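**Student:** This is the structure, below, for whatever I ask next.
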Amino acid sequence: MKLLEPGATLDGFVVDACIHSGGMAHIYSVHYAASATSGQRDPGFPMAMKVPRMANGDGAENIVGFEVEQQILRSLKGSHVPRFVAAGDLTRVPYLVMEYVQAKPLQHWLDERRETRQPLDPATIARLGEAVARGVHSLHQQNVVHHDLKPANVLIRDDGSAVLLDFGLSYHGHYPDLLAEELRKAIGSPTWMAPEQVVGVRGDPRSDIFAIGVMLYELATGELPFGDPQTDGGLRQRLWMDPPPPRRYRPDLPPWLQEVILRCLAPAAAARYPSAAHLAAELASPEQIRITERSARTKGTSWRVHFKRWIKALGMSYKPSPLPTTQIDEVPIVMVAVPFKDATDATHFSLRTAAQRSLGSRPGARLACVTVISPSETSGTEAAKSEASVHTRYLEMLRHWAQGIDTEKHQLSLHVLESGDVAEALIDYARGNHVNVIVIGAATHGLALQRIVHTVPMKVAMEAPSTVILVKAELPFSALAELRSA
Amino acid sequence: MIVRKPNRFCLVKLALLSDIHSNVQAFDACVDDANARGATQFALLGDFVGYGADPSAIVQRVMAMVEQGAWAIKGNHDDMACHVPAQTTVQSRGEMTAAWTHAQLSASELAFLDALPFTHQDGSLLLVHASADSPERWRYVYDSRGAGASLSAAVTISPDIRYVFGGHVHEQTLYYQGRGQDLLQFMPTPGVPIPVSSHRRWVATIGSVGQPRDGRAEAMYAMFDRDASALTFVRVPYDHSAAAAAIRAAGLPDFFADRLARGE
């Protein structure tokens, strides 16, 4: 379709301006035509119209990606995607109208880095990575895998949250995959494409984690981990090759960041983070990231190791993957609320048992141990009550509580929240961290007072975004002593 | 064959039910569910009888629905009940119940079944019990190849045909055109409205109301929202133990009763 001039109308939308001319489509800012018959009112946000570039005579079969995007964007909810407004009939006037999101593409940080020659500080990289991972997880929760994440398709709002664009190569677990064919070919952008995508696997959420890894790598070093391959052989390199460690380009990079980046870029999907929520959780508390040998590497992997993997990779081929939601459900984030006020040993024991049970026997689940303290416990003036020292003390208590939990199988993190409203703090944490199960004590959080006031467990149970397990404490251990003396 | 132009101004929610197999409990549950979902038109894709205990009750219901505008086509078991195969030493399971079914049906019910058409076309939609490739030969659409043959035959009937929906295989499967030549197979999740845009061609086997065979007991049917171009495969729980009890009470082999609970 030829370029639309400002003022032109299409299906009841008036073009304001062309805001982007890409290789595949033009993007216009639009508003509803004022018409008595259309009955369309202002949606309350600015709108953008995407119109695919098509040569005259192209049929609908040439714009499969556009059709995929129409279907998938329409199905998606939440703040991490532009809101869907309308779609044109593909055989008549193909277009897509969606929310025009005012935010900076991730590319902006890369450009800025190149221009100023100033490396990005690790905290900024972690913040950007966490935002992208949270956005991506919200897609996976809706059974969608993006499959084309790259700095041009990721926007960062002023509040720090991410918005993901361009679902033309995406996969919806509940819809027929219109991009599939019998001879499975690589579908994606070569620079960011995961190894399994190279052999034609579609629908594995961990492919998106690999793409996040490529973006983090570039944010950290200014280099691309696998370059921009132009041939099939070049593309297949990532099936067996580890990229040069980021610290080779940037020796001052903290080990935790290299650890995260290399884990995202592991050739085998199973060696990456099991879900984007896990990746986000790591980036949210870098000081608790479990460091391994790879975090300090500055030399690339030896040719011997690569040669062995290359031989193995020759046999690598397509395998179908289960639904995205099925995969991420197997690696839940369990949050346990650990109280220290008026809590007995028996309470702590029961909570630990319940938390362990919720983690299950399979590896991969993650446990976030959270305690909420009152703002009055810290003080800006007294050294002993400084925020840092109070938090350290509580972290130590949480560490004690968590002893005995299998940290080999399950990643563990500790968090001290400061709030006057315990329930709200717990709910906010659960919501912001994609928590799947909340484990909370019934008695210690005052369930017995339920008839009189809205107690913490009831409020959490009512408003939590996830399943809540209310743990009834065992008999206080002191009762055993009483029995003995009786 | 009856050809009707689609009505562009009326919201069409088409309920598709097939392979009812004399199972009144399952049929009533599906019809109720379809009505609750706002069905405006019913399409009954054959195999009304055979296997189950209530052939007459089902044919009476189908006749009443056709009277009210439902579309109905013939299945192989309907044909077999009208023209009972001569007794041979080796009988298929269907043939075992065909003679019994024949005896249960009145002359008018048999005449109704025998007069049913093999296909029904409504604009871009073609309904057929088995495959549009020689409908009277009851070919199975089990894979992409079978679906491709059915679609090719449908397109020769009319190039306008975009949707070929049938039953016969007792499983819910959608076949669609990917980027390659052949059709691709898709296993639907029950209850999810799947976009089936009208510029592509689709073949669906909508499953069996009265005798599911995918290991689950719930009855199967499908809803096609023509205005939204969305196809939903539906599963409906029903009282399968009552249906099984009726089969035993009728003196039919236990096998036909037992399989209902296991969905096989």
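**Student:** For chain B, modelled as a GNM with alpha-carbon contacts under 10 angstrom, which of B:199, B:168, B:240 fluctuates the most?
**Tutor:** For chain B, modelled as a Gaussian network with Cα springs under 10 Å, the answer is B:199.
**Student:** Reachable lysines from residue A:319, Cα under 16 Å, same-chain residues fewer than 8 places away excluded?
**Tutor:** Reachable lysines: A:185.
**Student:** If I model the range A:245-335 as equal point scatterers sitting on the Cα atoms and use the Debye formula, what is log10 I(q)/I(0) at q = 0.23, 0.25 Å⁻¹?
**Tutor:** Debye output, listed in q order: -1.19, -1.26.
**Student:** Per DSSP H run of at least 4 residues, take -39500 (n - 2.57); add these up for chain B, divide by its residues and hand me the 222 nm value, nearest 500 deg cm²/dmol. All intermediate terms of the calculation are to be shown ahead of the outcome.
**Tutor:** Values: 8 runs with 86 residues, N = 264.
The helix-only estimate for chain B comes to -10000 deg cm²/dmol at 222 nm.
**Student:** Sticking with this structure for a sec: Explain nothing, just the number: dipole magnitude of the range A:332-480 about its Cα centre with +1 on each Lys and Arg Cβ and -1 on each Asp and Glu Cβ, in debye rounded to the nearest 20.
**Tutor:** Details: 13 positive and 14 negative charges, 98 e Å.
Dipole size: approximately 480 debye.
**Student:** Would you calculate, for chain A, the mean residue ellipticity at 222 nm contributed by helices, counting each DSSP H stretch of 4 or more residues as -39,500 (n - 2.57) and dividing by all residues, to the nearest 500?
**Tutor:** Working: 16 runs with 164 residues, N = 486.
Computed ellipticity for chain A at 222 nm equals -10000 deg cm²/dmol.
**Student:** Choose one answer from B:186, B:27, B:48: the residue with the largest mean-square fluctuation in a GNM of chain B with alpha-carbon springs under 10 Å.
**Tutor:** Per the Cα network of chain B with a 10 Å cutoff, B:186 tops the list.
**Student:** Give the separation of the Cα centroids, the range A:135-168 to the range A:265-310, in Å.
**Tutor:** Here the two parts' Cα centres lie 22 Å apart.
**Student:** Taking the Cα atoms only, what angle lies between the long axis of helix A:345-359 and the longest principal axis of chain A, rounded to 10 degrees?
**Tutor:** Approximately 30 degrees, to the nearest ten.
**Student:** In a GNM of chain B with a 10 Å cut-off on Cα contacts, which of B:22, B:56, B:229 has the highest mean-square fluctuation?
**Tutor:** B:229
**Student:** Could you work out how far the C-alpha centroid of the range A:322-346 sits from that of the range A:388-425, in angstrom?
**Tutor:** 13
**Student:** Based on alpha-carbon positions alone, could you give the equivalent ellipsoid semi-axes of the range A:62-135 from the gyration tensor, as √(5λ), descending, whole Å? Please report the intermediate quantities before stating the final value.
**Tutor:** Details: eigenvalues 219, 45, 21 Å².
Result for the range A:62-135: semi-axes of 33, 15, 10 Å.
**Student:** State the answer as a single residue: which of A:348, A:66, A:437 lies farthest towards the positive end of the charge dipole of chain A, with beta carbon charges of +1 for Lys and Arg and -1 for Asp and Glu, about the Cα centre.
**Tutor:** Of the options given, the answer is A:348.
**Student:** Averaging the inverse of every distinct alpha carbon separation and then flipping it gives the Kirkwood radius. What is it for the protein assembly as shown, in angstrom units? Walk me through the intermediate numbers first.
**Tutor:** Numbers: mean 1/r = 0.0335 Å⁻¹.
It is 29.9 Å.
**Student:** Moving to a separate point now. Quick one: angle between helix B:93-104 and the longest Cα principal axis of chain B, in degrees between 0 and 90, rounded to 10, please.
**Tutor:** 70
**Student:** Would you list which aspartates and glutamates come within 12 Å of residue B:13, measuring only between C-alpha atoms, while excluding same-chain residues fewer than 8 positions from it?
**Tutor:** Candidates past the 8-residue exclusion: B:225, B:227.
**Student:** Evaluate peptide B:190-197: per residue, the Cβ atoms of other protein chains within 10 Å of its Cβ; return the mean as an integer. Can you show the working numbers first?
**Tutor:** On the way: counts 0, 1, 6, 3, 5, 10, 2, 8.
Averaged over the peptide's residues, the number is 4.
**Student:** Here's a follow-up. To the nearest 0.05, how large is the calculated FRET efficiency for residue A:114 and residue B:264 if R₀ is 56 Å and r is the Cβ-Cβ distance?
**Tutor:** Values: r = 63 Å, r/R0 = 1.13.
The value I calculate is 0.30.
**Student:** Can you tell me which lysines have their Cα less than 29 Å from the Cα of residue A:459? Leave out same-chain residues fewer than eight positions away.
**Tutor:** The reachable lysines, counting only those whose Cα sits under 29 Å from residue A:459, are A:77, A:341, A:472.
Just so you know, all these numbers are worked out from the coordinates, no wet-lab data involved. Everything numeric in this text was worked out from a predicted model, so none of it was measured. Cβ atoms come from the backbone with ideal geometry, glycine included; neighbour counts cover every protein chain shown.
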